[in-house]
2 protein chains.
Amino acid sequence: MGKNLVDGGIIMKNEVLSVIKERRSIRRFKPDPVPEEILNTLLEAACAAPSAGNVQPWLFYRVHRAEIKEALAKAALGQKFVAQAPVVIVVCADLNRASATYGERGRTLYCLQDTAAAITNLMLAATSLGLGTCWVGAFDEGAVSHVLELPPHIRPVAMIPLGYPAHSPSPTARRSLSEVVKVVD
Amino acid sequence: MGKNLVDGGIIMKNEVLSVIKERRSIRRFKPDPVPEEILNTLLEAACAAPSAGNVQPWLFYRVHRAEIKEALAKAALGQKFVAQAPVVIVVCADLNRASATYGERGRTLYCLQDTAAAITNLMLAATSLGLGTCWVGAFDEGAVSHVLELPPHIRPVAMIPLGYPAHSPSPTARRSLSEVVKVVD
């Protein structure tokens with residue numbers, strides 16, 4: 001953890017910066033199962049995310065059963081790789097919990113940000129342990145709710161297929177800082 | 001980066017897991033400025049986040065000017081610590097970019113998740129370099145748009161005061177995994 005990390009104008013690289021840079025969207029997985037202990041470590045990392053008012057509006061479905069993963073892949077507009085991952089984490093937002101404290105802003109903004117922060121923690125923790133993930137956002141929410149028998153106040157916001165990577169995708173392009181940063185000084 | 005990280009049932013801790021666990025919401029900052037190079041490293045970490053269709057709907061206002069920080073603190077319902085940070089990053093979502101590819105779902109879900117993933121990367125990178133951040137979500141969006149003269153399609157979604165921490169808050173409580181994880185096997 002960082003003290004004096006700028007030395008002669010050069011920032012010493014650390015593992016966090018490397019993992020952030022090396023994370024990829026993984027869509028092919030080895031069949032090896034993910035040990036229970038690693039799954040718990042990843043979910044604990046997810047839960048360490050900040051949330052508005054520490055409400056923690058998240059709920060995680062850890063799906064291992066083949067026919068449920070198949071149904072999730074179908075709900076994800078036929079993205080078959082979803083079913084091929086040894087585990088799929090379906091991340092949900094509890095709209096009751098989110099809106100109890102913050103009303104409309106809790107339901108339509110904070111709980112989406114809080115769950116996204118949890119997902120990001122989970123993905124970086126997974127990368128750091130040699131695992132691969134992919135953020136799947138394109139799916140029929142009603143179909144996912146039906147498959148997992150979710151009550152109406154539990155909204156599925158992402159599916160994260162998870163496993164040991166069977167490919168090494170190249171990095172995707174990024175907009176330059178000059179395009180996306182405005183300095184007000 | 002992880003190979004054979006489970007040894008005899010014990011997961012070897014790594015810096016990513018530690019930083020995820022050690023991140024705190026920092027609301028008091030030393031006056032020391034944040035070097036330009038570190039700011040760029042943090043913003044590059046933010047930009048390395050995944051986004052739906054790699055649209056990268058984010059825009060970052062790096063605010064240093066005192067009177068603008070004061071106006072942001074006022075827009076944040078009087079949270080004065082916002083103005084006391086040496087830098088405030090106002091994170092915005094470009095609604096045009098978000099909805100061009102994905103319509104309503106892009107505008108109301110993906111761009112909020114994508115910017116939240118970018119913020120999480122930025123916060124973890126900051127923690128790893130000894131800096132402190134706080135996710136500020138409670139603000140009057142219209143007031144922030146007015147202060148920064150944002151066009152209508154640029155929505156401010158969070159403010160991140162940033163600087164060297166002047167306090168060490170205790171960790172906040174978390175719900176147990178048994179409360180927030182459902183296993184489907």
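The values are calculated or read from the model by the stated rules, or taken from the named source; none is laboratory data. Note that the structure is predicted; figures quoted are calculated from it, not measured. FYI the Cβ positions are ideal-geometry reconstructions off the backbone, even for glycines, and counts take in every protein chain you see. These accessible areas exclude ligands, DNA and RNA; they are computed on the full protein's heavy atoms, side chains included. Shrake-Rupley method; radii C 1.70, N 1.55, O 1.52, S 1.80 Å.
For region B:96-125, name all the residues that are in contact with a Ser or Thr (Cβ under 6 Å, 6 or more places away or on another chain) and aliphatic (A, V, I, L, M). Walk me through it before giving the result.
Going residue by residue through region B:96-125, those that are in contact with a Ser or Thr (Cβ under 6 Å, 6 or more places away or on another chain) are B:106-107, B:114, B:117, B:120, B:123.
Result: B:ALA117, B:MET123.
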When every residue in region A:99-127 that is at the interface with chain B (Cβ under 7 Å from one of its Cβ atoms) and touching a Pro at 6+ places or on another chain (Cβ under 8 Å) is compared, the one most open to solvent (accessible area, probe 1.4 Å) is A:TYR110
With criteria (1) touching a strand residue (DSSP E or B) at 6+ places or on another chain (Cβ under 9 Å); (2) more than 9 Å from every other protein chain (Cβ to nearest Cβ), A:ARG175 comes up short on (2)
Per the filter on region A:27-73, residues more than 7 Å from chain B (Cβ to nearest Cβ), outside any loop (DSSP other than H, G, I, E, B) and open to solvent by 50 Å² or more (accessible area, probe 1.4 Å) are A:GLU36, A:GLY53, A:ALA66, A:GLU67, A:GLU70
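In this structure, does B:PRO169 turn out to be over 22 Å from A:LEU109 (Cα atoms) and either in a loop (DSSP other than H, G, I, E, B) or not aliphatic (A, V, I, L, M) (or both)? Don't jump to the end; show me each part of the working.
Working: over 22 Å from A:LEU109 (Cα atoms): yes; either in a loop (DSSP other than H, G, I, E, B) or not aliphatic (A, V, I, L, M) (or both): yes.
It is true that B:PRO169 is over 22 Å from A:LEU109 (Cα atoms) and either in a loop (DSSP other than H, G, I, E, B) or not aliphatic (A, V, I, L, M) (or both).
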Residue pairs within 6 Å by beta carbon, gap of at least six or interchain, first lying in region B:107-131 and without any contact (Cβ under 8 Å) to a residue 24 or more places away in the chain, second surrounded by fewer than 24 Cβ atoms within 10 Å (Cβ to Cβ) and of a type in the set (A, V, I, L, M), listed first then second, are B:ARG107/B:LEU95
**Request:** Test A:GLY163 against the criterion of being within 19 Å of the chain's Cα centre (by Cα) and modelled with pLDDT of 95 or more, and give yes or no.
**Result:** yes
